[in-house]
Amino acid sequence: GHPPRPLADALVEMGVRRLRYPGGDKSDGYRWSVPPYDRPRPTLMPHAGTSQWIAGKRDFVNPDGTFKADVLDFDEFLALCARTDCEPVICLALDAAYSPARKDFLPPGVTELAESAAAWVRYANVVKKAGVRWWEVGNESYMGPPDHPSATQYAEAAVIFAKAMKAQDPSIKVGLNGRGKDGWWTTVLKTAGPACDFTVAHDYAGWEWGSYETYPRSHPDIGGEAARTARAITNDLPPADAARYAVAVTEINAGDFTKDKAKHWANVNDLGHAVVLADLIGKILREPKAEMALVWNTRWFDGEDPPANWNAVNKNNELNPTGLAIKAWKEPLRKPRLVRTEGSPMIGAYALAGDGGALSVVLVN
């Protein structure tokens, strides 16, 4: 059932200004609609890659990919953004095109997915007149085969997407996802950079920390992916393109994905994870090219006890520690200019200035 507190109230309390839809991995197997694309019809591509494990949850999804659950469709997402004064960020399906054929799954072609993306732009900005600006091509497409493209394949597909989408609305921004290793950015930006408009990075601090104590004891560098991506923009794009590009860090959190239990920092929604997340947000804001930092995520699945750190809110839309870390930045970020500060290894210091010189200061101890 519906919780007593609306999700919109929680988002306003946290001061959220951007909302990403439909999410991360599931975006690459998600159809916002199907032809004739006249209204939202949320559907998953059955078995569209190893990341699409959600398609096999029969309590949630039918065998044909339609949802048993009442999921948030695109119209409802736009309404949520309007109620909370949030700007939409859309993640488009791409990687399913590179998944091997499986029983009951024939991979869609890149052209087919680009046509769906273009129809989405038309519906959002021509039909609904929503002015959606930010459109990511795929999610974490750099993970390698099977189920993901090579850097060359990704760049070529992104050009096809950008051309089809901008034919519907030339004012949109098309984003390229990547990471700062394996030469990914050099290949992608040299081919697709002129056709697109921003880069997308993800940053999860806490890998193999073992416990929170690694953070105050060793002072690990966090938030570096934004700076690495900004350097790629400078190094791999002509100056005119580099000047117009921004970095959208569309997934961040304090979390650990290692399978080594001896090194794993348990993903629990506690004060330690909240402190690291609050500092991570500040570190990303220091990068001049950073346009946004989006926490993964609002809410994952039920059943965690204690709740996982991925959940900003609980099942009643009350703020978890992760949500409180986001809220800590609500008032400071009302001021437009980041001011240079000097902290210490034990205290992250951040300041933002408003008109007239008034300062908001955030100290992460």
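The values are calculated or read from the model by the stated rules, or taken from the named source; none is laboratory data. Quick caveat: nothing in here was measured; it's all calculated off a predicted structure. Heads up, the Cβs are rebuilt from the backbone with ideal geometry, glycines too, and the neighbour counts pull from every protein chain shown. Heavy atoms of the whole protein, side chains included, go into the accessibility calculation; ligands, DNA and RNA do not. Shrake-Rupley method; radii C 1.70, N 1.55, O 1.52, S 1.80 Å.
Rounded to the nearest 10 Å², what accessible area does residue 45 have for a 1.4 Å probe in the complete protein model?
Spelled out: residue 45, probe radius 1.4 Å, area about 10 Å².
Quick one: divide the alpha-carbon radius of gyration of the stretch 1-146 by 2.2 N^0.38 Å and tell me what you get.
So the Cα radius of gyration is 1.07 times the expected 2.2 N^0.38 Å.
Rolling a 1.4 Å sphere over the protein heavy atoms, what is the accessible area per residue of the stretch 1-140, to the nearest Å²?
44 Å²
What does the charge count near residue 250 come to, summing +1 for each Lys or Arg and -1 for each Asp or Glu among other residues with Cβ under 9 Å from its Cβ?
Summing Lys and Arg as +1 and Asp and Glu as -1 gives 0.
Net charge near residue 207, counting Lys/Arg +1 and Asp/Glu -1 over other residues with Cβ under 9 Å of its Cβ?
Residues near residue 207 contribute -1 overall.
Just the number, please: percent antiparallel of the DSSP beta bridges in the stretch 1-132, rounded to the nearest 5.
55 percent
Quick one: pull the percentage of alpha-carbon pairs in the chain with a separation above 28 Å.
45 percent
Given a 1.4 angstrom probe, what's the average accessible area per residue across the stretch 233-365, in square angstrom?
Heavy-atom SASA per residue in the stretch 233-365 reads 50 Å².
With equal scatterers on the alpha carbons only and no solvent term, can you work out the Debye log10 of I(q)/I(0) for the stretch 104-169 at 0.20 1/Å?
-0.83
Would you list, by chain and number, the lysines whose Cα falls below 26 Å from the Cα of residue 330, excluding same-chain residues fewer than 8 positions away?
Straight-distance partners of residue 330: 173, 283, 289, 315.
Just to confirm my numbers, what's the Cα centroid distance between the stretch 212-273 and the stretch 326-351 in Å?
17 Å
Considering only protein heavy atoms and a 1.4 Å probe, what is the carbon-and-sulfur percentage of the accessible area of the chain?
Answer for the chain is 53 percent, counting heavy atoms of protein chains only.
So if R0 is 30 Å, what FRET efficiency would residue 190 and residue 167 give, r being the distance between their Cβ atoms, rounded to the nearest 0.05?
0.80
Taking 7 Å along the Cα-to-C-beta vector as the label spot, tell me the residue 300-residue 330 distance in nanometres, rounded to one decimal.
Those two pseudo-labels are separated by 2.5 nm.
Ignoring everything but the protein chains, give the 1.4 Å probe accessible area of residue 152 in square angstrom, nearest 10.
Estimated to the nearest 10 Å², residue 152 gives 70 Å².
Could you check what % of the DSSP bridge pairs in the chain are antiparallel, to the nearest 5?
Bridges in the chain that DSSP calls antiparallel: roughly 35 percent.
Once phi is turned into θ = phi - 60°, what whole-Hz ³J(HN,Hα) does the Karplus curve with 6.51, -1.76 and 1.60 give for every residue of the stretch 311-326, x standing for Gly and Pro?
Result, rounded to whole Hz: 8, 5, 10, 8, 5, 9, 6, 9, 6, 7, x, 4, x, 5, 5, 5.
If amide H atoms are built 1.01 Å from N in the plane of the peptide, which residues on other chains or at least 5 residues away come under 5 Å of the amide H of residue 339?
Answer set, sorted by chain and number: 351, 352, 353.
Could you name the aspartates and glutamates whose alpha carbon sits less than 19 Å from that of residue 68, not counting residues in the same chain fewer than 8 places away?
59, 76, 104, 302
Taking amide H positions as placed 1.01 Å from N in the peptide plane, with prolines and chain starts having none, which residues 5 or more places from residue 34, or on another chain, fall under 5 Å of its amide H?
41
Please list 279, 38 in order of solvent-accessible area, largest first, computed with a 1.4 Å probe with all protein chains present.
38, 279
Taking all protein chains together and a probe of 1.4 Å, list 148, 219, 264, 273 from the most accessible to the least accessible.
Per-residue accessible area, sorted high to low, gives 219, 264, 148, 273.
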